[in-house]
Number of protein chains: 4
Amino acid sequence: MSRIDVGVLGATGMVGQQFVRLLAGHPWFRLTWLAASERSAGKAYRDAAAWRLADVLPDEAAQLIVEEPVPGKGPRLIFSGLDAAVAGEVEGAFAASGHLVVSNARNFRMEPTVPLLVPEVNADHLALVPYQRQEKAWPGAIVTNPNCSTIFLAMALAPLRVFGLESAVVTTLQAISGAGYPGVASLDIAGNVVPFIGGEEEKIESETKKILGALQDRQVVPHALAVSAHTTRVPVVDGHIEMVSVRCSARPSLEDVRRAFAAFRGRPQEHGLPSAPEQPLVYLEEANRPQPRLDVERDRGMVVCLGRLRPCSVLDFKFVALGHNTVRGAAGAAILNAELMRTEGLLAD
Amino acid sequence: MSRIDVGVLGATGMVGQQFVRLLAGHPWFRLTWLAASERSAGKAYRDAAAWRLADVLPDEAAQLIVEEPVPGKGPRLIFSGLDAAVAGEVEGAFAASGHLVVSNARNFRMEPTVPLLVPEVNADHLALVPYQRQEKAWPGAIVTNPNCSTIFLAMALAPLRVFGLESAVVTTLQAISGAGYPGVASLDIAGNVVPFIGGEEEKIESETKKILGALQDRQVVPHALAVSAHTTRVPVVDGHIEMVSVRCSARPSLEDVRRAFAAFRGRPQEHGLPSAPEQPLVYLEEANRPQPRLDVERDRGMVVCLGRLRPCSVLDFKFVALGHNTVRGAAGAAILNAELMRTEGLLAD
Amino acid sequence: MSRIDVGVLGATGMVGQQFVRLLAGHPWFRLTWLAASERSAGKAYRDAAAWRLADVLPDEAAQLIVEEPVPGKGPRLIFSGLDAAVAGEVEGAFAASGHLVVSNARNFRMEPTVPLLVPEVNADHLALVPYQRQEKAWPGAIVTNPNCSTIFLAMALAPLRVFGLESAVVTTLQAISGAGYPGVASLDIAGNVVPFIGGEEEKIESETKKILGALQDRQVVPHALAVSAHTTRVPVVDGHIEMVSVRCSARPSLEDVRRAFAAFRGRPQEHGLPSAPEQPLVYLEEANRPQPRLDVERDRGMVVCLGRLRPCSVLDFKFVALGHNTVRGAAGAAILNAELMRTEGLLAD
Amino acid sequence: MSRIDVGVLGATGMVGQQFVRLLAGHPWFRLTWLAASERSAGKAYRDAAAWRLADVLPDEAAQLIVEEPVPGKGPRLIFSGLDAAVAGEVEGAFAASGHLVVSNARNFRMEPTVPLLVPEVNADHLALVPYQRQEKAWPGAIVTNPNCSTIFLAMALAPLRVFGLESAVVTTLQAISGAGYPGVASLDIAGNVVPFIGGEEEKIESETKKILGALQDRQVVPHALAVSAHTTRVPVVDGHIEMVSVRCSARPSLEDVRRAFAAFRGRPQEHGLPSAPEQPLVYLEEANRPQPRLDVERDRGMVVCLGRLRPCSVLDFKFVALGHNTVRGAAGAAILNAELMRTEGLLAD
């Protein structure tokens, strides 16, 4: 099978750099096109991007000439690491020009006909795409991945739907890489905690319900559970920790919950998608895990690590979750989305 | 009025050093006696203690000769910064020898006749002291302050008792100074979060109920509210952040809660105790406050800063709290306890 | 004596905020005028400045209405915390309009008739002011303080001039607050060292020679010593560490050097200037000091702490220095300059 | 070729864990024996070692039963990650029992007949081994690697010997992992710099001269250059930065130095040793590199990254160096030593 050409919008930013890193040597996709703002256009990527990842900039991408984000240019399949300030307009224009835009931006996530996809959780939501094309009259389409913190929460809650999820209270301790570059000023976060991230709590509370919702009659009926989020920024480079309390109508035992976590698999695992972890949820037995520094890179940053499952004296039970915010929470999530789209036939024509 | 002689048990540790710092120039108390382990005994305090605070070691204390913790030696009023591993035995022996031990250790906190005191919240619990003396046959007595995180939570919840407190879910982001010295290894916490602190969640859940409880018939009836705590360690030097969700049976409006926070005062404010802040709860209006680095030293570290009061979609409302863990959460708490004991006539004989 | 009205240019930035903090309650100066960019003008300072210091914003300053930096407006004595990008033009215009500009910016530092002042070191350089007025035809004048790292180095080297300073190699470990706000991105410095600060090494190497130079015939003859600087940024909030190796022609013993450090005093100490530390150089005996977190606030951040004096196997001897970069290295330095100017009669008219 | 059985002394410590990680899947060596203190003996390694590396504990090692360090037990080739407190006695006893001990400890480094080996720099020093056996009457032998900071400095200076090295002044900014576990207390280093590391400056100053020295008449004549070291601890997890000024009698141009860095190769590269980097010194062109967070893992942590070569106004030129302290500076160094020993015939019998 030949590799499919792909491009990246917003290629010089933090999420864009993760796309470039993760697409290097991808078995299904070949990165051939990089777009960024006018300021970068015309330069080799190695000169346009101030590369800030510890892995060395892949040679092939380094030599690509960055282009301006002109709809219709570039391959049909486009990953978007655009900032929300411009993603709404640019991604819409690309979809209208026939591109399949696999986006990490928040702009289209809550649109009724746009899949807000976590492949292990709601692969069936891809069925929205035809309705989206019809509604928008787009030859292309937009498929989104959720906010990083939301992905980890939704993955941890998904196997608990069978127990009748009623409510969840979550406090996040989020890494600085989640805010992009330059992002958080060092004076704001050095030796400090900032107990506020603009718009984040709202995203977690609404997106989780859409992801866990059921597809009925050409639309997603949001899940009924109530989610309350407290979000904080902490001086960690990569990896969001979430402290989660949950109530379920079926009152599962801790053992039931453990088994549900362990058994959780989805379409990516069935199809053996290249970026899919063998097991999406990895439960760590040690009393003080998961921890960002020790666990965030597990299985290439594509799993959610869980731990400390114990009773909650207000809701039913509580646990800790950890995910890699720029991999499973952003670029890696979008790539897994595109891999699923391929096995579901959405990339063919 | 002449100053009362006081001593410190565990004087060389982190909490002990805070006692020494805070007692320097205290208007009511004069620090005349310092005790520590055998290894330190016989040395001048300046040589025995590896001073680790940014404020310079006070001259008077520097010259005191450290003694061994022998019950009956030293002044009647003794502050204890002892580690829990030894506090049980040593504090008991001092109380049995006639000392009034004002302790920061956890060992006696949950004993039925030992006041677990937050002067603004439950000053009336000091009435347990006579029962304690009777029960233990101690000429002295022990009065304790709660665990640091618990103090901040209890102070924030105390004014909400009028609304019928039902439940609270709290996630703490705790500073490294809370673990003493050497305490947390830098390799464990640098750029990291550890989502576990041994015994801490249990303390918060049980101590809060005792503090907020009512004194009835010679004992404290714990408050009925359910508390669920998630505790984490973060790379911050001083200042514990708490993300709190609360449910009250009276369903107060956010405005009601704000007014209750603002109006909250207690015995320390009525009596103008030297260490009492003018206003125990300080609400910060900025969207991203309180923060440890900017707010932990407010009013000499003796207030609890609050912020971000907003609705909670699972319980009723939620907010952020911040307190200085080694001041209001430890040594400063004990000193305020002793100040209250003086105005309540417990130091007279 | 009545207080002298003063103003601050660049009042909302990091150095500007330090000016505001340090001028609150100053015995000689009364802060009556704050200027900042167009965007802030017309607002109360409390609304215009995103206050980022742990000390609470002083009430008096909070209420001042921020003005635009129009030369001729505001008091005669003006402190400048302006960024170098605009300081050249604005400060010049203010001096041309009759203001005495006491500046922290680098723009005029190396001009032959502009004093580059460290009051303990080269108070006599103030004699340049009349030549400056003549040369520039300014009714006002500009007096500058050096770069932060340079101040600490110059203060440590000044008492060694008697030994025939020949050369110094210095490596700095500089705090993030030195880069202003937003300044250093957290992703660049979290758990990291950046071994480069643009222009900093050049400033240290040239400014030190001017400061230590001799006033001869209406100009400063730079000191002959060779200075080589290595500069790095480290994840510390406040306080620059400097590791210094020195060679002197007289080959002083370590004891000679220690005595010279201890005996060092200058005009600020003779006159008892309000911001002057009693002793400009404080030598710490502990083997592992000075340290930013423990020592940077000594004597209100106005001293340079020294330690670890020992032989150097390449030059003669080596030691550690520490200074508070935004206090003694910026706003506090400028205020001390203005205090000296007053006692030298430069503020009279 | 069959793999050679190897063991590790001090297997549960930080360096021991790096040995275990780096030996997993090694093409020449097979890890079959792990020894640690009495407390760990008898347990499976997975239970005995509190694994603190981000890479998952290799399965094979996890199942090995930890033994006590009894000389004569275990394979002939033994890596030692022992602490200096016990390494002197234990390593000597193992060598006396016929083991080849490849040690990271400091105890034997400066013994005249013990090679202090950096394979790219002084592979010929292995010729000391027969003299060592003769002198000590050991059937085995001890080969050591230098102190971590010393290795990086020696590697950077080695290609400059041709220019007549005269002196070097170096300031190190060292990571916390260099101090082992628990090592540095977080309260000592969080947001701080400690300008002192016990014994470190002496090691750098003496070991560098031995490594760069010439083998003459059965012993190493130390190189004549003078080295002056300033050492500091900074809040970085992995990676020591060194700021180096150098003087050479031949006064090479910067271009000469650059070429010497680029051309530097040694025996490991000639023989293609499994752990050898292709190019031992990697010069980075960016103005602000190398940096620990971005560059420490290059080429599996086995290279020294260099940058910022520029003139020094006191010595001749100066530059920045970076190395991975627990890989190239410890366990990786020892493994490379053992690989060289094999190609030099020292492992045959």
> To the nearest 20 debye, what charge dipole does the range B:239-349 have about its Cα centre, counting +1 at the Cβ of each Lys and Arg and -1 at the Cβ of each Asp and Glu?
Replying inline: 380 debye
> What are the label-to-label distances in nm, one decimal and shortest first, from B:Ser253 to the same spot in the other copies, with labels 7 Å along Cα to Cβ?
Replying inline: 4.8, 8.0, 8.1
> PRE reach from B:Ile65 (point 7 Å along Cα→Cβ): which of the range B:16-35 fall under 17 Å by backbone N?
Replying inline: B:32-35
> What average count of beta carbons from other chains do you get within 10 Å of the Cβ of residues in B:243-255?
Replying inline: 2
>> Please list, in order along the range D:134-150, the HN-Hα scalar couplings obtained from phi with the Karplus expression 6.51 cos²θ - 1.76 cosθ + 1.60 (θ = phi - 60°), rounded to whole Hz, x for Gly and Pro.
In response: 5, 4, 8, 6, 9, x, x, 6, 10, 10, 10, 10, x, 3, 3, 4, 5
> On full extension of the chain, what length is gained from D:Arg161 through D:Ala50, given 0.36 nm per residue of separation minus the C-alpha to C-alpha distance?
Replying inline: 35.7 nm
> Summing +1 for each Lys or Arg and -1 for each Asp or Glu, what net charge is found among the other residues whose Cβ lies under 11 Å from the Cβ of D:Val296?
Replying inline: 0
> Residue-wise, which Karplus ³J(HN,Hα) couplings in Hz belong to the range C:71-84, taking 6.51 cos²θ - 1.76 cosθ + 1.60, θ = phi - 60°, and x for glycine or proline?
Replying inline: x, x, 7, x, x, 5, 8, 10, 8, 10, x, 5, 5, 4
>> Kirkwood hydrodynamic radius, the range C:148-324, all distinct C-alpha pairs: what's the number in Å?
In response: 16.8 Å
> Kirkwood hydrodynamic radius of chain D from all distinct Cα pairs, in Å?
Replying inline: 20.3 Å
> Copy-to-copy spacing for A:Arg133, label 7 Å out on the Cα-to-C-beta vector, in nm, shortest first?
Replying inline: 7.7, 8.2, 8.7
>> At R0 = 56 Å, how high is the FRET efficiency between A:Ala127 and D:Glu285 if r is their beta carbon distance? Nearest 0.05 is fine.
In response: 0.65
>> Report the Cα centroid-to-centroid distance between the range B:40-64 and the range A:187-208 in angstrom, as an integer.
In response: 42 Å
> Label-to-label distances across copies for D:Gly198, with labels 7 Å out along Cα→Cβ, in nm, shortest first?
Replying inline: 2.5, 4.4, 5.0
> At A:Ala84 and A:Gln219, where each label point lies 7 Å from the Cα along Cα→Cβ, what is the point-to-point distance in nanometres?
Replying inline: 2.3 nm
> Which residues' amide hydrogens lie under 5 Å from the amide hydrogen of D:Phe79, considering only partners 5 or more residues apart or on another chain, with H built in the peptide plane?
Replying inline: D:Gly7, D:Val8, D:Leu9, D:Val102
> In square angstrom, rounded to the nearest 10, how much accessible surface does A:His223 have for a 1.4 Å probe?
Replying inline: 40 Å²
> So what does A:Tyr283 come to for accessible area, using a 1.4 Å probe and Å² rounded to 10?
Replying inline: 50 Å²
>> Can you give me the orientation-averaged projected area of the convex hull built on the Cα atoms of the range D:27-165, in nm²?
In response: 10.1 nm²
> Under unit Cβ charges (Lys, Arg +1; Asp, Glu -1), what dipole magnitude, rounded to 20 debye, does the range C:1-91 have relative to its Cα centre?
Replying inline: 200 debye
>> Please compute the alpha carbon radius of gyration of the protein assembly as shown, then divide it by the globular-protein estimate 2.2 N^0.38 Å. Two decimals is fine.
In response: 0.96
>> Compute a Gaussian network model of chain B, connecting alpha carbons closer than 10 Å, and tell me which residue from B:Ala168, B:Ala87, B:Ala62 fluctuates the most.
In response: B:Ala62
> Nearest 20 debye, what's the magnitude of the dipole of the range A:148-324 about its Cα centre given +1 on Lys and Arg Cβ and -1 on Asp and Glu Cβ?
Replying inline: 300 debye
> Can you list residues whose amide H is under 5 Å from D:Arg30's amide H, if they're 5+ apart or on another chain and H is modeled 1.01 Å from N?
Replying inline: D:Ile4, D:Asp5, D:Val6
> Among D:Gly332, D:Gly98, D:Gly198, which one shows the biggest mean-square fluctuation in a GNM of chain D, springs joining Cα atoms closer than 10 Å?
Replying inline: D:Gly198
> With labels modelled as points extended 7 Å from the Cα through the Cβ direction, what inter-label distance (nm, one decimal) is found for A:Leu254 paired with B:Ile4?
Replying inline: 4.4 nm
> What ³J(HN,Hα) values, in whole Hz, does the Karplus curve 6.51 cos²θ - 1.76 cosθ + 1.60 give for the range C:26-41 when θ = phi - 60°, with x put for Gly and Pro?
Replying inline: 5, x, 10, 10, 10, 6, 10, 8, 10, 10, 8, 5, 2, 4, 8, 4
>> Quick query: amide H of D:Val282 versus all other amide H atoms, modeled in the peptide plane; which residues come in under 5 Å with a sequence gap of 5 or more or a different chain?
In response: D:Val304, D:Cys305, D:Leu306
> Of A:Glu205, C:Glu38, which has the most accessible area with a 1.4 Å probe, and how do the rest follow in descending order?
Replying inline: C:Glu38, A:Glu205
> Going highest first, how would you order D:238-248, C:153-163 by mean Cβ packing within 10 Å?
Replying inline: D:238-248, C:153-163
> Counting partner chain Cβ atoms within 10 Å of every residue's Cβ in A:225-233, what's the average?
Replying inline: 5
> Which chain D residue comes nearest the axis with its C-beta when you rotate D onto B, and by how many angstrom?
Replying inline: D:Ser186, 2
> Looking only at other chains, what is the average number of their beta-carbon atoms within 10 angstrom of each beta-carbon in B:305-318?
Replying inline: 4
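The values are calculated or read from the model by the stated rules, or taken from the named source; none is laboratory data. This structure is a prediction, so every number in the text was calculated from the model and none was measured. In this analysis, Cβ positions are derived from the backbone assuming ideal geometry, glycine residues included, and neighbour counts consider all displayed protein chains. Remember, those area values only see protein heavy atoms, side chains included, never the ligands or the DNA or RNA. Shrake-Rupley method; radii C 1.70, N 1.55, O 1.52, S 1.80 Å.
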